[in-house]
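The values are calculated or read from the model by the stated rules, or taken from the named source; none is laboratory data. In this text, all values refer to a predicted model and were calculated from it rather than measured experimentally. No Cβ is skipped: glycine too gets one built from the backbone with ideal geometry, and neighbour counts run over all protein chains shown.
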Amino acid sequence: HGTAKINQNGHLEIGGKDTVELAEKYGTPLYVYDVELIRKRARAFKNTFTKLGVPAQVAYASKAFSTIAMLELIKEEGLSLDVVSGGELYTAIKADFPVEKIHFHGNNKSDEELKMALDYKIGCIVVDNFHELHTLHHLCSERDQKVNILLRVTPGIEAHTHDYILTGQEDSKFGFDLQNGQAETALIFAIESNYLNVLGLHCHIGSQIFETIGFILAARKILDKMSKWQEELNFTPSVLNLGGGFGIRYTDEDTPLDPSSYVEEMINEVKKETERLSLPMPEIWIEPGRSLVGDAGTTLYSIGSSKDVPNIRKYLAVDGGMTDNIRPALYDAKYEALLANRANEQPKEKVSIAGKCCESGDMLIWDLPLPDAGTNDILAVFCTGAYGYSMANNYNRIPRPPVVFVENEHDQLVVKRESYEDLLRLDLPFKEKTKI
Ligand code: LLP
């Protein structure tokens, strides 16, 4: 996928760069991002809306992968941005991201985070619950400042096709329940507030979803309520944000649609329903994370030790693992990989790829078909662009790997490798016993 191919040396190449040379230059483990592919995905989402003539915002869910360079790229592509914490907001500000295009999510934003959002005058706050609604109203009244909000609702959708990361079902920590009146109560409060300007409604039904039916059902439920509110409250929100969650292909088991197909089907449904209910067509916002960056990322590892368990399995250990990709350990997530330095060799055996952490669960891939791989071969694991670096950690005091962007035969370091010094940056010595 993307610009990945095998070059004359039999090496994996991405963005016109030989990944074996990248591994030599920057060391391993190393995250490599195919910038052209990110641009292609971003444009596909935007063009779909343009083609259908629907006013829209495509907001990149930066939790998938947030760094200054990444947000600069998203800015360049003209997308909006979804942040979910003060840290992600701070990154956006430092990347000089246009504040009016930033949307702030989260089910427990602190007062400091809300104040920060108000200070920067960001585009909108996605209000999740009553505590936040009331706090925000209060903070705004203190400073006599208005703010645009979306109300996050839980439409009561269970996405059933895969073991999704579910968020849209009734029993969820997120959002105002649409069915039991909570959403309506929140809406009435917001309409009556002089400080909260309700742009619209938001829902997010889950992640790594392959079917459109969940999005369609969610849209129907929300539009139904919008029609009721139009009649009873004389209020029609102008924005319908249907969240992110569009699935990608990690292995052959995954069968996603083309990213723009999700959008097309969603829009057709919204058009049909709004006509049926005599509602104005709302602006449609979406928040893809994984589908913008997931398959653009590849992690390069060096293979080190190996272990044979006779008649059972062969383990090959790499110089990273659950510290740079926790998804296999956390979700039993599956990945495909090949040897970057022997990319055109046929598989000879199945091996299991272990990480280097002191934990049996630190396995990246089970039963991966590979040529007879061994020490110093470079393993390229695909589709690590979303929730890899962003969920990386320092378990076992392992430094986080650097990130390199490649495009048009250029490579550019965008996140440095963490050093041992960096690991100790916040540590303070224990100088003397605590005096009583
Ligand atoms: N919008 C909201 C409100 C979300 O909660 C999420 C993801 C997204 C958008 C973006 O979803 P995406 O398009 O990336 O699926 N750590 C997990 C994924 C957690 C997703 C949480 N919310 C993983 O590694 O699979």
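Residues that are assigned to a helix (DSSP H, G or I) and either within 16 Å of the ligand (Cβ to nearest atom) or touching a residue at least 60 places away in the same chain (Cβ under 8 Å) (or both) within region 118-137 comprise GLU132, LEU133, LEU136, listed in sequence order. Of the residues examined, GLY2 is not one that is touching a helix residue (DSSP H, G or I) at 6+ places or on another chain (Cβ under 8 Å), exposed (fewer than 15 other Cβ atoms within 10 Å of the Cβ) and either outside any helix (DSSP H, G or I) or modelled with pLDDT under 95 (or both). Number of residues in region 296-311 that are surrounded by fewer than 24 Cβ atoms within 10 Å (Cβ to Cβ) and assigned to a helix (DSSP H, G or I): the value is 0. What number of residues in region 76-112 are farther than 19 Å from ASN241 by Cβ and aliphatic (A, V, I, L, M)? Number of matching residues: 2. Using the structure shown, decide if THR28 is assigned to a loop (DSSP other than H, G, I, E, B) and in contact (Cβ under 8 Å) with a residue 60 or more places away in the chain. Answer is yes for this residue. If only residues of region 312-357 that are more than 21 Å from SER390 (Cα to Cα) and in contact with a helix residue (DSSP H, G or I) (Cβ under 6 Å, 6 or more places away or on another chain) are counted, the one that is farthest from the ligand (Cβ to nearest atom) is ASN341. Filtered by the rule that a residue be in contact (Cβ under 8 Å) with a residue 60 or more places away in the chain and outside any strand (DSSP E or B), region 32-46 gives VAL35, GLU36, LEU37, ILE38, ARG41, ALA42, ALA44, PHE45. When you check ILE248 against the structure, is it under 19 Å from ILE191 (Cα atoms) and touching a Cys at 6+ places or on another chain (Cβ under 7 Å), yes or no? Here the answer is no, as ILE248 does not meet what is asked. Considering only region 101-110, I want to know if a residue exists there that is at pLDDT 95 or above and over 21 Å from the mean Cα position of the chain (by Cα). Yes, there is a match, as at least one residue in region 101-110 is at pLDDT 95 or above and over 21 Å from the mean Cα position of the chain (by Cα).
Within region 236-258, identify whether any single residue is surrounded by fewer than 19 Cβ atoms within 10 Å (Cβ to Cβ), within 16 Å of the ligand (Cβ to nearest atom) and within 20 Å of ALA56 (Cβ to Cβ), and answer yes or no. Yes: one or more hits. Residue pairs whose Cβ atoms lie under 8 Å apart, sitting 6 or more positions apart in sequence or on different chains, and linking a residue in region 330-341 that is within 11 Å of ILE365 (Cα to Cα) to a partner that is charged (D, E, K, R) and more than 11 Å from the ligand (Cβ to nearest atom), are LYS334/GLU253.
If you filter region 383-436 down to residues that are β-branched (Val, Ile, Thr) and touching a residue at least 40 places away in the same chain (Cβ under 8 Å), you find that the one that is nearest to the ligand (Cβ to nearest atom) is THR384.
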